[in-house]
Amino acid sequence: MLSSASQVISLYPFSRHALYLAFWFAPTMTVGHCLFAGLCTGFVLFAVRFEERDLITEHGDAYRQYRRDVPMIVPSFGRSAAATGPSTSQV
């Protein structure tokens, strides 16, 4: 949990699993890196449901609301994300 003194601004109001997008950002996208990114993305899409189940167990209704408001992986800079602004939540 974050204290009010250590608020963090991040991509998490726009994507629940923003870190998983990092596989696709590389200075050069070689065939090998593209294959690696594709395999990692497949694993993430499979495994993220177990992670989210644990997050619901730990955070309950707060995480359920976060799931309703924020897309899983592909960022959304639309209505819900713009309404919440930068992340300073404790979820």
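The values are calculated or read from the model by the stated rules, or taken from the named source; none is laboratory data. The shown structure was predicted, so the numbers you read here are calculated from the model rather than taken from an experiment. Here the Cβ is made from the backbone with ideal geometry for all residues, glycine too, and neighbour counts use every protein chain on show.
Among the residues of segment 1-22, count how many are at pLDDT 70 or above and either within 13 Å of Val74 (Cα to Cα) or over 21 Å from the mean Cα position of the chain (by Cα) (or both).
Adding up the residues that qualify gives 12.
For segment 56-75, indicate whether the set of residues that are modelled with pLDDT under 90, surrounded by 14 or more Cβ atoms within 10 Å (Cβ to Cβ), touching a Ser or Thr at 6+ places or on another chain (Cβ under 9 Å) and among the β-branched types (Val, Ile, Thr) is non-empty.
Yes, the conditions are met somewhere in segment 56-75.
With the requirement that a residue be among the aliphatic types (A, V, I, L, M) and in a loop (DSSP other than H, G, I, E, B), what does segment 8-41 give you?
Once the filter is applied, which keeps residues that are among the aliphatic types (A, V, I, L, M) and in a loop (DSSP other than H, G, I, E, B), segment 8-41 yields Val8, Ile9, Leu11, Ala26, Met29.
May I ask you to verify whether Ala37 is surrounded by 12 or more Cβ atoms within 10 Å (Cβ to Cβ) and either at pLDDT 90 or above or within 23 Å of Asp69 (Cβ to Cβ) (or both)?
yes
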